[in-house]
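Report on the structure given below.
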Amino acid sequence: MAANSNRRMSGKKGAQVGSGGNRRRGLEGKGPTPPAEMRKGHAKQNAAKIKAKRAQSARPTNRTGGPRGKAASEMVVGRNPVVEALRGGVPATTLYVQQFIDNDERVREALQVAGERGGIHLMEAPRPELDRMTNGLNHQGLVLQVPPYEYAFPEDLAAAAYDEGADPLIVALDGVTDPRNLGAVVRSVSAFGGHGVVVPERRAAGMTAGAWKTSAGTAARTPVARATNLTRALEQYKKAGIAVVGLAADGEHTVGDLEALGGPVVIVVGSEGKGLSRLVGETCDYRVRIPMPGGAESLNAGVAAGVVLYEAARRRA
């Protein structure tokens with residue numbers, strides 16, 4: 001006891017238990033504010049994640065035909081369809097003309113427009129060759145070859161929006177099989193400042209010549225992405241902080257009341273007859289309806305998408 005008392009009373013300095021520098025470090029603060037890309041939940045961090053995922057994914061350099069395989073070239077056959085496709089600016093590589101064809105106004109216009117557009121090869125072919133190329137369809141001596149459409153990937157659309165410093169505005173189509181409806185949606189997306197359209201890879205309309213024509217040329221600047229699994233693509237959008245809004249006749253919200261349309265959003269439009277599929281409907285964060293005082297049961301995909309896109313654009317203005 002005496003020894004311990006003497007040691008406590010001693011004025012000698014010895015080893016003491018310290019804070020380990022914690023007090024000093026506690027006074028230093030947390031340093032400078034991290035950049036936006038490193039702040040959790042920030043829009044730029046979401047964009048960085050999408051870019052990183054896109055860079056890490058092993059993707060083929062030729063994206064023609066989307067994420068699974070290469071789409072075949074399309075043939076537009078018949079005098080009226082060929083002339084209308086050329087007028088509508090549908091991309092084309094070759095115009096085949098039957099040898100010794102009766103030279104009427106449609107044939108002359110097809111040759112004139114193809115020559116004026118440039119980049120379209122003019123090929124003369126015997127009738128049996130055209131019959132073989134078209135599997136015996138009534139081509140009337142004119143066949144237009146349309147190259148495969150180069151689809152984007154779903155994450156490309158959101159990344160492009162963030163690159164512009166904008167909130168993504170995307171439309172996804174669920175069960176829409178009419179190419180004309182797809183073309184109309186592409187046109188509406190372009191008109192209201194959207195960043196693209198997502199379609200499923202299977203059992204859905206693709207960017208055919210008919211879709212190109214209905215888009216009135218806007219398909220040249222509005223990308224269409226193809227998703228192997230639409231539900232999975234929507235879930236990835238949600239993880240990136242993008243709201244998923246589905247259109248449904250019995251939706252809990254009305255279009256004019258949904259504030260989520262003013263931020264990053266994917267608008268999901270179902271088929272005119274069946275609406276949204278079960279899995280896609282369950283994946284949506286919100287289900288909205290378009291009030292129709294006139295009593296119509298439903299709108300086609302192009303009109304419905306245009307109504308909601310207008311509301312989204314109005315909120316962003």
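Subtracting the Cα-Cα distance of residue 109 and residue 278 from their residue separation scaled by 0.36 nm leaves 56.0 nm. Between residue 225 and 152, 197, 198, 199, the built amide H atoms are under 5 Å apart, and every one of these is 5 or more places off in sequence or on another chain.
Volume per residue for region 108-153 equals 112 cubic angstrom (convex hull of Cα atoms). Residues in region 170-199 near a label at residue 164, defined as backbone nitrogen under 13 Å from the 7 Å Cα→Cβ point? Answer for this model: 170-171, 189-197. Along region 239-255 the Karplus relation, 6.51 cos²θ - 1.76 cosθ + 1.60 evaluated at θ = phi - 60°, assigns HN-Hα couplings of 5, 7, x, 9, 6, 10, 10, x, 8, 8, 4, 9, x, 6, 10, 9, 4 Hz to successive residues, with x for each Gly and Pro. Given R₀ = 22 Å, what would the calculated FRET efficiency be for residue 285 paired with residue 314, taking r from the Cβ atoms and rounding to 0.05? Approximately 0.60, to the nearest 0.05. Summarised in one figure, the compactness ratio Rg/Rh of region 238-283, Cα atoms and Kirkwood Rh, is 0.96. Overall, the accessible surface of region 233-317 at a probe of 1.4 angstrom is composed of carbon and sulfur to the extent of 50 percent. Between rounded, prolate and oblate, where does region 271-317 land on the alpha carbon gyration tensor, with a ≥ b ≥ c its root eigenvalues, rounded for a/c under 1.5, else prolate if a/b exceeds b/c? Oblate shape, in that a/c is at least 1.5 and b/c is the bigger or equal ratio. Taken along the Cα-to-beta-carbon direction at a fixed 7 Å, the label points for residue 292 and residue 73 span 4.2 nm.
Three principal axis extents of region 162-242 based on alpha-carbon atoms, in descending order, are 34, 28, 14 Å. What the phi angles of region 121-134 give under the Karplus curve with 6.51, -1.76 and 1.60, with θ = phi - 60°, is a coupling list of 6, 9, 10, 9, 9, x, 4, x, 5, 5, 4, 5, 4, 9 Hz, glycine and proline written as x.
In this structure the amide hydrogen of residue 177, modeled in the peptide plane, comes within under 5 Å of the amide hydrogens of 205, none closer than 5 places in sequence on its chain. In this simple spin-label approximation, residue 232 and residue 87 carry label points 7 Å from Cα along the Cα→Cβ vector, and these lie 4.3 nm apart. Each residue of region 195-207 was assigned a 3J(HN,Hα) from its phi angle through the Karplus curve 6.51 cos²θ - 1.76 cosθ + 1.60 (θ = phi - 60°); the sequence is 10, x, 10, 10, 10, x, 6, 10, 6, 8, 5, x, 7 Hz, with glycine and proline shown as x. Here the spin labels are modelled as points 7 Å beyond Cα on the Cα-Cβ line, and at residue 138 and residue 253 they lie 5.1 nm apart.
Along its first, second and third principal axes, ordered by size, region 136-270 spans 55, 36, 27 Å in Cα coordinates.
Amide H contacts of residue 289 (H built 1.01 Å from N, in plane; Pro and chain starts excluded): 248, 251, 253, 254, 255 sit under 5 Å, all sequence-distant by 5 or more or on other chains. Mean sequence separation of contacting Cα pairs (under 8 Å, at least six apart), scaled by the length of region 235-317, corresponds to a relative contact order of 39 percent.
The values are calculated or read from the model by the stated rules, or taken from the named source; none is laboratory data. From a predicted model like this one, the values you see are computed outputs, not experimental measurements. Neighbour counts run over all protein chains shown; Cβ positions are idealised from the backbone, glycine included. Accessible surface is based on the protein model in full, side chains and every heavy atom, while ligands, DNA and RNA are left aside. Shrake-Rupley method; radii C 1.70, N 1.55, O 1.52, S 1.80 Å.
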